Amino acid sequence: MNKSNIILVGPPGAGKGTQAILLRDKMDLNYISTGDLFRFNLNNSTALGKKAQQYMSTGELVPDSITINMLAEELNSLGIDKGFILDGFPRTLPQAESLDAFMEDLSIELDTVLFFDVPNDELVLRLSSRYTCRECQAPNMLNSSKTSEVPTCSQCNGELYQREDDTPSAIERRLEVYDQETKPIINFYETKGILHTIDSLGKVEEVFSKVMEVV
């Protein structure tokens, strides 16, 4: 299968991470999660991690250039010939424009942008039921009202916890931020003719079938 460079966009809770893993395994692509990149650089106190921490410690936003540099280092270490799936960046129009310029400098062509579309009421339901494993960071879905204690991770049996940004009030704010900041990048990629909307309601396997029809 030919290599592809793919970006995943969509609101929190749309299932981008799950689909990214399936897509990685199916197409043998590198999977780059900017969330994982940040955690790695911060936890290992890399030069870029220290720069990011300087901004975060004062409550400032980390400049896009730092994220781009983290991405550049990751692409260099993985090799750009294999193709990649990028999840978590860009989140704003300026980030999309910066990423576009960065890829142009490296003569990397972006093939596909997958927009995972899910109604807000479904997103609230998903996010409020999502728990994360402390060991492997895998997401687990459960209805906490139907159990007296939090079960262990379905992947590694590690302890599960609910992230602070998956509480109802935080979810509402996250979706507001998404509407204000992230939706404009959909138009940005649509004008380039590489945006494909994926109806993300339904089972994981059903959504993945829609993804494969596109890529």
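Computed from the coordinates by the stated procedures, all read-outs in this text should not be read as laboratory data. Remember, it's a predicted structure, so these values are computed and weren't measured experimentally. Because the Cβ atoms are built from the backbone with ideal geometry, glycine has one as well, and the counts that use them run over all protein chains shown.
Listed values for segment 171-183 are Karplus-derived 3J(HN,Hα) couplings in whole Hz (6.51 cos²θ - 1.76 cosθ + 1.60, θ = phi - 60°), namely 4, 4, 5, 4, 6, 5, 4, 4, 4, 6, 9, 8, 4, and x replaces Gly and Pro. The magnitude of the dipole of the chain, with charges of +1 and -1 set on the Cβ of Lys/Arg and Asp/Glu and taken from the Cα centre, is near 460 debye.
Within the chain, what percent of beta bridges assigned by DSSP are antiparallel, to the nearest 5? Present the calculation step by step, with values, prior to reporting the outcome.
On the way: 5 of 22 bridges.
Percent antiparallel among DSSP bridges in the chain is about 25.
Give me the Kirkwood hydrodynamic radius of the chain, using the inverse of the mean 1/r over all pairs of distinct Cα atoms, in Å to one decimal. Value: 18.4 Å, from the Cα pair sum. In this structure, the amide hydrogen of residue 198, modeled 1.01 Å from its nitrogen in the peptide plane, lies closer than 5 angstrom to those of 115, 116, 117, counting only residues at least 5 positions away or on a different chain.
With n ≥ 4 as the cut-off for DSSP H runs, can you work out [θ] at 222 nm for the chain, using -39500 (n - 2.57) per run divided by the number of residues, rounded to the nearest 500? Provide the component values of the computation, followed by the final result.
Values: 9 runs with 98 residues, N = 215.
-14000 deg cm²/dmol, from helical runs alone.
Taking the square roots of 5 times each eigenvalue of the Cα gyration tensor of segment 41-134, largest first, gives ellipsoid semi-axes of 25, 22, 14 Å. Across segment 83-91, coupling constants 3J(HN,Hα) worked out from phi with the 6.51/-1.76/1.60 Karplus curve, θ = phi - 60°, read x, 9, 10, 10, 10, x, 7, x, 10 Hz, and Gly and Pro carry x.
Karplus-based coupling profile of segment 187-193, in residue order and whole Hz: 5, 4, 7, 5, 5, 7, x, with θ = phi - 60° in 6.51 cos²θ - 1.76 cosθ + 1.60 and x standing for Gly or Pro.
Near the amide H of residue 31, within less than 5 Å, lie the amide hydrogens of 85, all on another chain or at least 5 residues away, with H placed in the peptide plane. Protection proxy ranking of 61-71, 9-19, by the mean of other Cβ atoms within 10 Å over each peptide's residues and highest first, is 9-19, 61-71.
Taking amide H as placed 1.01 Å from N in the peptide plane, the amide H of residue 89 sits under 5 Å from that of 34, each at least 5 places away or on another chain. Note on segment 1-151: dipole from Cβ charges, positive end direction compared against 131, 13, 115; the farthest Cα belongs to 131.
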